[in-house]
Number of protein chains: 2
Amino acid sequence: MNDPKIRRFVLAALLAVVLVLPASSDEGMWLFNKPPKDILQKKYGFTVTPEFMDHLRLASISFGGASGSFVSPEGLVLTNHHVGRGAVQNLSTKDRDLMKTGFYARTQAEELKVPGMELRVLIGIADVTDKVLGAEKPGTTPVEAADARQKVIAALENEAAGTAGMRGTVVTLYSGGMYHLYTYKLYDDVRLVFAPEYLVAFFGGDQDNFTYPRYDLDITLFRIYENGRPFKSDNYIKWSTTGVREGDLVLCSGHPGSTGRLLTMGQLEFLRDTSYPFNIANLKRRQAYMHAYAAQGEEQSRIAMRNLFGIENSLKATIGYQSGLLDEKLLAKKLREEQSLRAQVAKSTDLEKAYGPAWDEIAAAEKAYASFFKPLAFFERANGFYTTYFTMARTIVRMAMEKPKPNADRLREFRDASLPSVERGLLSPAPIYDDFEVVKLGDSLAQLQEELPDMMEVRWILGGRSPQDVARDLIAGTKLKDIDARKKLLDGGLTAVYQSQDPMIKLALLVDPVSRGLRARYEDQVDAVETRNGTRIAQAMFKLEGTSIPPDATGTLRLSFGAVKGYVENGRKVAFQTTFAGLYDKSAKAGNKDPYELPARFITKKPAVNLATPVDFVSTADSIGGNSGSPLVNRKGEFVGVLFDGNIQSLPTRFVYEDTISRSVMVHGQGIIEALLKIYDAKPLVDEILGRK
Amino acid sequence: MNDPKIRRFVLAALLAVVLVLPASSDEGMWLFNKPPKDILQKKYGFTVTPEFMDHLRLASISFGGASGSFVSPEGLVLTNHHVGRGAVQNLSTKDRDLMKTGFYARTQAEELKVPGMELRVLIGIADVTDKVLGAEKPGTTPVEAADARQKVIAALENEAAGTAGMRGTVVTLYSGGMYHLYTYKLYDDVRLVFAPEYLVAFFGGDQDNFTYPRYDLDITLFRIYENGRPFKSDNYIKWSTTGVREGDLVLCSGHPGSTGRLLTMGQLEFLRDTSYPFNIANLKRRQAYMHAYAAQGEEQSRIAMRNLFGIENSLKATIGYQSGLLDEKLLAKKLREEQSLRAQVAKSTDLEKAYGPAWDEIAAAEKAYASFFKPLAFFERANGFYTTYFTMARTIVRMAMEKPKPNADRLREFRDASLPSVERGLLSPAPIYDDFEVVKLGDSLAQLQEELPDMMEVRWILGGRSPQDVARDLIAGTKLKDIDARKKLLDGGLTAVYQSQDPMIKLALLVDPVSRGLRARYEDQVDAVETRNGTRIAQAMFKLEGTSIPPDATGTLRLSFGAVKGYVENGRKVAFQTTFAGLYDKSAKAGNKDPYELPARFITKKPAVNLATPVDFVSTADSIGGNSGSPLVNRKGEFVGVLFDGNIQSLPTRFVYEDTISRSVMVHGQGIIEALLKIYDAKPLVDEILGRK
């Protein structure tokens, strides 16, 4: 084995096994400053130019956990209905339920300003890896190193924020192997232009969520204003007039939230054995009591729907992810990959010394994590206090505590760069329904009592009373429903908070110390260890492989690509697109009943609709939660669809990509035009989109 | 009245009424840098030299709330037994009760190091009034002004602390009219040399406390060490060999805690109607349950005595102060004085504009104060959590919170200058008795429940359980009895505190926000207003009167003076001194029973004692709580006695001085020598004191 030629051969063989080379597949959520040029050139004969990437980036919009894009030179923004749902619900009242009726502003004057919404466009990317990693002194503990990095990161973010309406965020890539500074332009005057009825936006409901074939018109249109006028820009995506054919290359620009393809076995086992089981049980519990609440009446149903979609969506997704981790083959593959990489590292004394202990150190950290995951989830992550009021109270309390500290010493979410958004969120006039909050808080307190009965804080909060009674008193007593009360506390700082008689503020103060203790434990014993060792593993990969494998998703802008393509499921061919004919057919077969009921408008306008027009389609383009609302463009950079889902087989791709049956699901650009024109009589909107205006 | 001559006449007449000119009496606790030279010269023909003052200052010792002095060139320190009591008790155990047996170290090797004791000597005084008041910007609110002053004060104190073992403290005089920076040298190696038996130190017990004639040998001797050796210095007080005769001038150097002679009517009414009634009721309650505890057995009695003396002493003192405020004549005199000063101010448009509103603003602040006095007393002042463990827990919690802040932003007691003392106190190995702590905490929680049942924090803490059960669990659960546990929390900072499972730490965290809120309310709405307006009143006085009236006591070093002098009480003459004959007689008449029981040694050694030797004596020298342990010197600066009490008539002098029947009470220097030689066989100690060694 000491023959160098043999060594090289073994190494090459190992590499072939270890690293799934992306060239062979459509895998990858690529950094915008490192697009997969060679792959696109080789596999699709497509040449990526800097102009193409810049234009697509500036036309892409972050919805904070989801995606969207400019689709007109007048600030018109397209995303999914389920992304815009919060806005639609916040603009609804008991007597004007826009979820039910849909909404269309025929003129700009009719557009509805959305409370508390903030959109962002990524205007700059800079590699700051050397600066951030340069802050670590050799021989420091993971916690000390994390503190040193955080100081540099805070300073970089502060510098980037500079003028009002800007935001700098340092993004940690490859678990700490790379740091990029992203600079955003912020937009906070966002108005609702168009939303279809919930029935057709979420046609098939929770039952069809994460499945295909689908027929959903899952879209919403907003308009960004600046200084009271529609925001004008050339950085928008022109609408394709030709649509897509099977086999076409499509490119997707969006904000995938997180993937776990580079996680170690220790991390995967933690998810499988601790985190996912907790989350699934918790979501099922919420789902159950919210259905019960919704069943009490129409208004209760409207209110519960605000949370129910998100819960059921997360639940289905998490069950899908977990199915991947429970799949022995998938896990065996991950194990082989990890073992091979570790074997490669072990071949070299230098590599072994520098990177060898990384996996075991992470595994030990995950064990520690599991030991306090439950109190962390209930306290710091507030699962024990599931009400909007508590979220507000905690924000007020922590804002008051953090703001006086030097920027770099604050909890990350209260750094200067984030404060304007935090304040905007806190002072949002979005409605809150006390009855519903009592149900949510009551059940989460009950869970707290069941799961952590011996914690002193739990005994204090409940004091032998029923969780429901405690919840009722807290919700009845809080004045935080009043925006002025929130503003007063925000302005009054710590003294006002300490002097507040508001029971929710008092609750937030009571749980703050133990919550911070748990957070520190997580940051010190888990996060810092994961980052230090994730960095080592990434550096080992960079040494052995370069950076040909894109980093795991981080909620920031990424480019993915793929072919428009059907697939075969259980021996049956699934077509690459669906049509209006299919939509009407599906509804009719179900007797036009829930969840396949169509809005009245769809029935009355049916004669006008060209039933052959495609509604939804699928592609192999890599995506995950957060990509909702992502525009898909063709080779010319033209809009062909908006991503709104993945099929059920796509869920395990969180851990291992595959493109045989895993698909992203889009609303078709032509379907959108057909519906707007024929069903919604929205010709002015279509004219704007198609540039006929 | 516009004739200037008449105006001047009226002014002069008013002044004569308003301001009790000290020249006519022995009133005054004088600043060491502004001694009453003229008065002493005029009334006693005594010339005060700078050398005299410097020597007396450097020979005087602050016991932190009490006084003492160097009495030998080898670091021997004399104070009262009741001042050294905590040390004597902390050095006692169940099997070695030094309170009962007394203690005498025949050699330096036998001297016992006192845990946690810190003594100070005032080595410098500087007037920083201009710097502190110069920090206030014109037109700021009282709170802003207070913040600005605090920043300057913190900086001055920090600068003065300089080297280790030093401490700088800015003292607020005349309620803010004057600021002096006091620099102290600290001594923390203090050893017990001699203590008599409790029976003779506190002969007559609570019954005779604050009365005269008295026969108490209320002394204790310590020795200060530096670098492991007795501290050598020429700044000690030589012992008088001649004693005192009636009419002799005596000078007293000590640390009077606080007086209220310059308080406004608003402040006096607050004390009378709110503060004193609360304190008296609270102390009576503690007294009652401690007697009940003491009655359970000898060991319980020993333990309860630790707190009982202080409680009964405070109770008697407070009742005495209150008797002054309930005396209509006294209050009418204060009202006349205030009205006259206000009238003088009102005569001048300029004075009225600058100082006129001061009294009403203070009165309004006192009204506000009364409205939240109770929660303030129970929470921030910890009357609801009366256990040593809570004091420790709060110190640990607040130290962790305050230490990371910039020095000037911290709660005052956690500024850099104070931290070493705070830490030393926290890590003191002084014993704690859990049974007793349960009783104390249980009753204070019960009071909390009775007085503030609707406060959310009270409901949380008690949660429907009995205060006794809650107290028992808290005391049983806390690990703070272990010094290492305290040290670990102290070193671990806020993260360790937040992660602590200690129930007492959790309790301190729970009550911290509301406590701080109340403290801020007090500081902003009361203290800042009192200071701003106290400053105005002082400045008005300075303008009209100069600084011929000394400031109220502030716990810092002051000089007072007076004559050795008996008095007439209810028509009966009370002699200026008592003798050993009187001591034995009093005990015999009471059948040598409690509280007039004498230690066995006194009986067996009686034949050797010169019964004509004086034991205690009285003087008109001005004093108040905090003066305990003050040395009294004659014209030559020689030690003639150590102050240990005032008679009952002296208590209302807190508000108005008088010297007809009000007296300070001293142990006589010759009585001390007689007892040490004849009863305690302490010839080496006497030789050291008398310089025969």
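Under a 5 Å amide H cut-off, with hydrogens placed 1.01 Å from N, A:Tyr179 pairs with A:Val128, A:Thr129, A:Leu173 among residues at least 5 apart or on other chains. So what's the gap between the Cα centers of segment A:425-503 and segment B:451-490, to the nearest angstrom? Comparing the Cα centres of segment A:425-503 and segment B:451-490, I get a distance of 23 Å. Within the shell of other residues whose beta carbon sits under 15 angstrom from the beta carbon of A:Ser623, the net charge comes to -3, with Lys and Arg scored +1 and Asp and Glu -1.
For segment A:355-490, what does the accessible surface come to per residue with a 1.4 Å probe? Please give it in Å².
Accessible area per residue: 39 Å².
Report, to two decimal places, the Cα Rg of segment A:577-687 normalised by 2.2 N^0.38 Å (N = number of residues).
Working: Rg = 15.6 Å, N = 111, 2.2 N^0.38 = 13.2 Å.
Ratio of Cα Rg to 2.2 N^0.38 Å: 1.18.
Please report Rg over Rh for the protein assembly as shown, where both radii come from the alpha carbon positions and Rh follows the Kirkwood definition. Over the Cα atoms of the protein assembly as shown, Rg/Rh equals 1.09. Here the simple spin-label model places points 7 Å from the Cα toward Cβ, and for B:Lys37 and B:Glu423 these points are separated by 4.3 nm.
Simple point charges give the picture: +1 on the Cβ of Lys and Arg, -1 on the Cβ of Asp and Glu, and for the protein assembly as shown a dipole about the Cα centre of about 860 debye. Inter-copy label distances for B:Ile123: 6.0 nm (label point placed 7 Å from Cα along Cα→Cβ; shortest first).
When Rg and the Kirkwood radius Rh are both evaluated on Cα atoms of segment B:265-534, their ratio Rg/Rh stands at 1.03. Residues of segment A:454-501 whose accessible area (probe 1.4 Å, heavy atoms of protein chains only) drops by at least 20 Å² once all protein chains are present, relative to their chain alone: A:Met456, A:Glu457, A:Trp460, A:Gly463, A:Thr495, A:Tyr498, A:Gln499. The loop-placed GluC sites (Glu not before Pro) in segment A:165-246, going by DSSP, that have at most 14 neighbouring Cβ atoms within 10 Å of their Cβ come out as A:Glu246.
For segment B:488-641, what number results from the quotient of the Cα radius of gyration and 2.2 N^0.38 Å?
On the way: Rg = 26.3 Å, N = 154, 2.2 N^0.38 = 14.9 Å.
Normalised Cα radius of gyration, segment B:488-641: 1.76.
Only one residue of B:Thr172, B:Tyr215, B:Val190 has its Cα farthest out toward the positive end of the dipole of segment B:142-258, where Lys and Arg carry +1 and Asp and Glu -1 on Cβ, and that residue is B:Val190. If you filter segment B:595-672 for trypsin sites (Lys or Arg not before Pro), then keep DSSP loop positions with at most 11 other Cβ within 10 Å, what is left? Loop-located and lightly packed - B:Lys636.
Just how many % of Cα pairs in segment A:594-643 lie over 18 Å apart, if you round to the nearest whole percent? Counting pairs separated by more than 18 Å, the tail of P(r) holds 53 percent. Our estimate of slack between A:Gln501 and A:Lys487, defined as 0.36 nm per intervening residue step minus the Cα-Cα distance, is 3.5 nm. Taking a label point 7 Å from the Cα of A:Asp473 along the Cα→Cβ vector, which residues of segment B:422-457 have an amide N closer than 14 Å to it? Hits in segment B:422-457 for A:Asp473 at 14 Å: B:453-457.
Take B:Lys605, push a point 7 Å out from Cα through the beta-carbon direction, and compare it with the same point in every other copy: 11.0 nm, smallest first.
Distances between placed amide hydrogens fall under 5 Å for B:Gly68 paired with B:Ile61, B:Phe63, all partners being 5 or more residues away or on another chain. Among the trypsin sites (Lys or Arg not before Pro) in segment B:181-223, none is located in a DSSP loop while being surrounded by at most 10 other Cβ atoms within 10 Å of its own Cβ.
Excluding A:Arg601 itself, calculate the net charge of residues whose Cβ lies under 13 Å from the Cβ of A:Arg601, where each Lys or Arg counts +1 and each Asp or Glu counts -1.
Numbers: positive: A:Lys100, A:Lys605, A:Lys606, A:Lys678; negative: A:Glu197, A:Glu597, A:Asp681.
Result for the neighbourhood of A:Arg601: +1.
With a threshold of 21 Å on the Cα-Cα distance, the over-threshold entries among A:Lys34/A:Lys334; A:Lys131/A:Lys151; B:Lys137/B:Lys353; A:Lys94/A:Lys488; B:Lys100/B:Lys593 are A:Lys34/A:Lys334; A:Lys94/A:Lys488. The translational diffusion coefficient of segment B:263-309, from Stokes-Einstein at 37 °C and 0.692 mPa s with a Kirkwood hydrodynamic radius over alpha carbon pairs, comes to 269 µm²/s. Translational diffusion coefficient of segment B:314-429 (Stokes-Einstein, Kirkwood radius from Cα pairs, 37 °C, 0.692 mPa s): 176 µm²/s. The fraction of accessible area contributed by carbon and sulfur in chain B is 53 percent, rounded to a whole number (1.4 Å probe; ligands and nucleic acids excluded). Once C-alpha pairs closer than 8 Å and six or more residues apart are averaged by separation and normalised to the residue number of segment A:265-534, the relative contact order reads 24 percent. Membrane-span-like helices of chain A, defined as complete DSSP H segments with a Cα extent of 24 Å or more along the helix axis and a mean Kyte hydropathy of at least -1.0, are identified as A:142-161, A:276-294, A:298-325, A:328-347, A:358-378, A:434-451, A:503-521, A:528-545.
Over segment A:518-594, what portion of Cα pair distances is larger than 15 Å, expressed as a whole percent? Intermediate values should be presented prior to the final figure.
Details: 2289 of 2926 pairs.
Percentage above 15 Å: 78.
Amide H contacts of A:Thr220 (H built 1.01 Å from N, in plane; Pro and chain starts excluded): A:Thr79, A:Asn80, A:His81 sit under 5 Å, all sequence-distant by 5 or more or on other chains.
Taking the Cβ of A:Lys329 as the centre, find all other residues whose Cβ is under 12 Å away and add up their charges (Lys, Arg: +1; Asp, Glu: -1). Don't skip to the answer; put the middle values down first.
Values: positive: A:Lys333, A:Lys334, A:Arg336; negative: A:Asp327, A:Glu328, A:Glu658.
Around A:Lys329, the charge tally is 0.
In order along segment A:245-257, the phi-based Karplus estimate (6.51 cos²θ - 1.76 cosθ + 1.60, θ = phi - 60°) of 3J(HN,Hα) comes to 10, 4, x, 4, 6, 10, 10, 10, 10, x, 10, x, x Hz; Gly and Pro are listed as x. When the C-alpha to C-alpha distance is required to be over 27 Å, the pairs from B:Lys284/B:Lys487; A:Lys589/A:Lys678; A:Lys113/A:Lys683 that qualify are B:Lys284/B:Lys487. Each copy carries B:Thr349; placing its label point 7 Å along the C-beta direction from Cα gives inter-copy distances of 9.6 nm, listed from smallest up.
Computing Rg and the Kirkwood Rh from the Cα coordinates of chain A gives a ratio, Rg/Rh, of 0.96. Ellipsoid semi-axes for segment A:182-274, based on the Cα gyration tensor and the rule √(5λ), read 32, 23, 18 Å when sorted largest first. How many angstrom lie between the C-alpha centres of segment B:175-252 and segment B:612-654? Spelled out, the Cα-based centre of one part sits 11 Å from the other.
The values are calculated or read from the model by the stated rules, or taken from the named source; none is laboratory data. Because the structure is a prediction, the values reported are computed rather than measured. Positions of Cβ are backbone-derived with ideal geometry, glycine not excepted, and every protein chain shown enters the neighbour counts. Side chains are part of the model used for accessible areas, which takes the heavy atoms of the whole protein and leaves out ligands, DNA and RNA. Shrake-Rupley method; radii C 1.70, N 1.55, O 1.52, S 1.80 Å.
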